[in-house]
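So the structure is just underneath, and the comments pick up after that.
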Amino acid sequence: MKQPRILIIDDEESLRHMLSVMLRRQGYASDTAAGGAEGLEKLGQRVYDFILCDIRMPGTDGREFLRRALEQGVTAPVIMMTAYGTVDTAVACMRDGAYDFISKPFKRDEIVIVLKKAEERERLKEENRRLRSQVQEQCGFHGLVGRSPAMLDLYDRISRVAGLKTTVLIQGESGTGKELVARALHADGDRADRPFVAVNCGALPENLLESELFGHVRGAFTGAVGDKAGLFEQADGGTLFLDEVGEMPPPLQVKLLRVLQEGEVRRVGATTSRSVDVRVVSATSRDLAADCTAGRFREDLFFRLNVFSLALPPLRERLDDLPLLAEQLLQRCAVRIGRSSSSRIAPEVMRRFMSHNWPGNVRELENVIERSLVMCDGDQVTLSCLPALGGPGERHEETEENLSIKRAGQAMEISLIRRALARTGGNRTHAARILEISHRALLYKLKEYGLE
Ligand SMILES: Nc1ncnc2c1ncn2[C@@H]1O[C@H](COP(=O)(O)OP(=O)(O)OP(=O)(O)O)[C@@H](O)[C@H]1O
């Protein structure tokens with residue numbers, strides 16, 4: 001366990017010295033401050049586990065220090081040290097939020113007991129938080145967090161269809177958890193012990209995606225040095241998750257339809273087919289029905305994929321899940337980046353979260369939390385650690401910026417360029433052709449938007 005660090009605030013030099021020496025012997029690290037103002041300065045520089053603070057001091061006294069420390073969001077227990085005549089103030093300090101007080105002159109054991117008690121209370125608080133979040137985690141569903149009516153309905157629909165081989169189409173904005181839902185469908189059904197294989201159809205150029213999905217035989221194309229099983233074969237007995245299925249190029253849409261109809265795949269270059277038992281789950285953030293009407297997506301394939309559909313609500317439509325989600329994402333993130341698991345979100349940050357529109361949904365929330373956690377010094381995520389939450393979707397303010405055709409046009413260009421590059425596997429010449437602009441213009445825009 002890490003060595004607890006204590007801040008000692010007292011105007012008497014000899015007492016500061018005595019306490020530091022004594023606490024060091026007891027296994028505590030300490031810093032000292034000669035008054036309330038210096039104490040507040042120290043609080044801004046590092047995180048303390050406990051604070052020992054004298055009440056009567058010239059300048060900023062103990063009570064004033066306590067008040068300002070709590071305003072700053074300090075969560076370490078503050079133990080007041082009282083001399084003769086300040087007991088009433090000590091009691092008032094406890095009402096203000098101090099953890100305990102101890103009367104001077106005190107014996108070594110007395111101070112150690114108070115600290116141990118405070119330590120135990122902190123441990124219990126932490127344990128309580130952990131257990132609570134475990135319970136809340138269990139209230140979710142296969143890693144999906146949320147108990148809003150929309151999410152409960154979603155869990156119900158997932159459990160109904162999980163055990164069947166029915167193809168499922170998951171629709172939802174980017175970052176709403178489509179991949180998590182696909183995994184939940186797999187984990188909740190009887191294919192759970194078989195493979196779950198995921199592929200992003202928008203991330204690979206057409207020929208590569210084809211050989212990824214269906215495999216190839218040796219010599220099928222340059223570079224095909226051996227036979228290779230495709231993802232359909234790898235997922236045999238399990239689930240194949242086709243993410244961004246709306247990005248699939250039309251020639252592949254035909255081939256996918258055939259596999260779904262026949263339950264057989266033919267490796268690229270092969271003369272025979274193999275039968276596979278694969279449950280296909282696909283996802284899209286596009287309006288596929290509209291794409292069908294516009295002729296961008298095959299209607300017959302759409303019907304095949306969309307036998308059962310799951311629509312994921314955007315985060316702004318289930319804000320009642322936000323506090324729980326934010327807490328759990330914070331815990332997960334703290335573990336991932338090696339920060340204290342006692343990290344918390346300040347109430348004013350939560351209020352700010354509740355008024356944001358979250359165009360990037362849970363993924364955006366996850367990113368904001370991670371960035372804040374990196375930026376904040378203590379265990380508390382406060383407004384000052386928060387990155388700017390803005391973007392085109394701000395809820396309450398119809399800002400002038402949001403009405404700018406120029407900005408919206410740029411955002412659209414960036415999105416189209418990204419998608420074109422994803423589709424061509426980064427091939428700029430090909431991407432420029434799809435975008436119907438010159439190669440030079442594309443290079444210029446990549447530079448301008450910092451997309452290189
Ligand atoms: N309900 C949820 N509970 C917990 N975490 C979630 C939830 N929804 C999404 N997440 C988290 O948000 C991130 C984005 O989720 P996911 O990748 O599943 O979204 P997506 O809809 O597939 O996004 P995209 O369309 O951009 O690929 C993931 O890290 C995921 O763990």
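The values are calculated or read from the model by the stated rules, or taken from the named source; none is laboratory data. Because the structure is a prediction, the values reported are computed rather than measured. Ideal geometry is used to build each Cβ from the backbone, glycine not excepted, and the neighbour counts take in all protein chains shown.
Of note, residue 308 satisfies the criterion of being modelled with pLDDT under 95 and touching a strand residue (DSSP E or B) at 6+ places or on another chain (Cβ under 9 Å).
Candidates in the range 277-289 are the residues that are more than 14 Å from the ligand (Cβ to nearest atom) and more than 16 Å from residue 253 (Cβ to Cβ); of these, the one that is surrounded by the most Cβ atoms within 10 Å (Cβ to Cβ) is 278.
Name the one entry in 317, 364, 327, 370 that is acidic (Asp, Glu), within 13 Å of the ligand (Cβ to nearest atom) and buried (at least 20 other Cβ atoms within 10 Å of the Cβ).
Numbers: 317 fails: buried (at least 20 other Cβ atoms within 10 Å of the Cβ); 364 fails: buried (at least 20 other Cβ atoms within 10 Å of the Cβ); 370 fails: buried (at least 20 other Cβ atoms within 10 Å of the Cβ).
Only one candidate qualifies: 327.
Residues that are among the hydroxyl-bearing types (Ser, Thr, Tyr), more than 25 Å from residue 120 (Cα to Cα) and touching a residue at least 12 places away in the same chain (Cβ under 8 Å): which helices (runs of 4 or more DSSP H) entirely in the range 17-104 hold 1 or more of them?
Filter on the range 17-104 gives 87-96.
Of all residues in the range 160-192, those satisfying the criterion of being more than 16 Å from the ligand (Cβ to nearest atom) and in a helix (DSSP H, G or I) are 160, 161, 162.
Every condition in (1) aliphatic (A, V, I, L, M); (2) closer than 17 Å to residue 10 by Cα; (3) under 27 Å from the mean Cα position of the chain (by Cα) holds for residue 131 except the one numbered (2). Across the range 289-317, the qualifying residues are those that are part of a helix (DSSP H, G or I) and closer than 29 Å to residue 129 by Cβ, and the one among them that is nearest to the chain's Cα centre (by Cα) is 315.
Yes/no per residue for (1) closer than 19 Å to residue 181 by Cβ; (2) outside the structural domain of residue 200 (by TED's automatic domain parsing):
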| site | (1), (2) |
| --- | --- |
| 300 | no, no |
| 323 | no, yes |
| 328 | yes, yes |
| 334 | no, yes |
| 373 | no, yes |
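So which residues in the range 165-201 are surrounded by 17 or more Cβ atoms within 10 Å (Cβ to Cβ) and of a type in the set (Val, Ile, Thr), if there are any at all? Within the range 165-201, 167, 168, 170, 176, 181, 197, 199 meet the criteria.
Quick one: would you say residue 119 is under 26 Å from the mean Cα position of the chain (by Cα), assigned by TED's automatic domain parsing to the domain that holds residue 52 and either within 30 Å of residue 299 (Cα to Cα) or more than 16 Å from the ligand (Cβ to nearest atom) (or both)? So residue 119 does not fit the description; no. Checked against (1) in contact (Cβ under 8 Å) with a residue 40 or more places away in the chain; (2) among the polar types (S, T, N, Q); (3) more than 16 Å from the ligand (Cβ to nearest atom), residue 148 meets all criteria but (3).
Return yes or no: is residue 197 assigned to a strand (DSSP E or B) and on the phi < 0 side of the Ramachandran plot? Yes, satisfied.
Return a yes/no flag: does the range 27-35 have any residue that is more than 30 Å from residue 383 (Cα to Cα), of a type in the set (D, E, K, R) and not assigned by TED's automatic domain parsing to the domain that holds residue 376. So far as the range 27-35 goes, no, none of its residues is more than 30 Å from residue 383 (Cα to Cα), of a type in the set (D, E, K, R) and not assigned by TED's automatic domain parsing to the domain that holds residue 376. Note on the range 335-352: among residues that are of a type in the set (A, V, I, L, M) and within 15 Å of the ligand (Cβ to nearest atom), the one that is farthest from residue 121 (Cα to Cα) is 337.
Picking from 62, 73, 36, which residue would you name as being surrounded by fewer than 21 Cβ atoms within 10 Å (Cβ to Cβ) and not acidic (Asp, Glu)? Write out each step before concluding.
Values: 62 fails: surrounded by fewer than 21 Cβ atoms within 10 Å (Cβ to Cβ); 36 fails: surrounded by fewer than 21 Cβ atoms within 10 Å (Cβ to Cβ).
Step by step, each of 62, 73, 36 is checked, and only 73 is surrounded by fewer than 21 Cβ atoms within 10 Å (Cβ to Cβ) and not acidic (Asp, Glu).
Filtering 204, 208 for residues that are part of a helix (DSSP H, G or I) and either surrounded by 19 or more Cβ atoms within 10 Å (Cβ to Cβ) or more than 10 Å from the ligand (Cβ to nearest atom) (or both) leaves a single hit, 208. Checking 116, 107 one by one, the residue that is of a type in the set (Lys, Arg), farther than 22 Å from residue 344 by Cα and modelled with pLDDT of 90 or more is 116 and no other.
For residue 46, the criteria (1) closer than 21 Å to residue 117 by Cβ; (2) surrounded by fewer than 19 Cβ atoms within 10 Å (Cβ to Cβ); (3) not polar (S, T, N, Q) hold in every case but one, which is (1). Considering only residues in the range 373-394 that are over 30 Å from residue 445 (Cβ atoms), of a type outside the set (S, T, N, Q) and loosely packed, with under 14 Cβ neighbours inside 10 Å, the one that is modelled with the lowest pLDDT turns out to be 377.
Screening residue 299 against (1) more than 16 Å from the ligand (Cβ to nearest atom); (2) surrounded by 15 or more Cβ atoms within 10 Å (Cβ to Cβ); (3) free of Cβ contacts under 8 Å to residues at least 12 places away in the same chain leaves a single unmet condition, (2).
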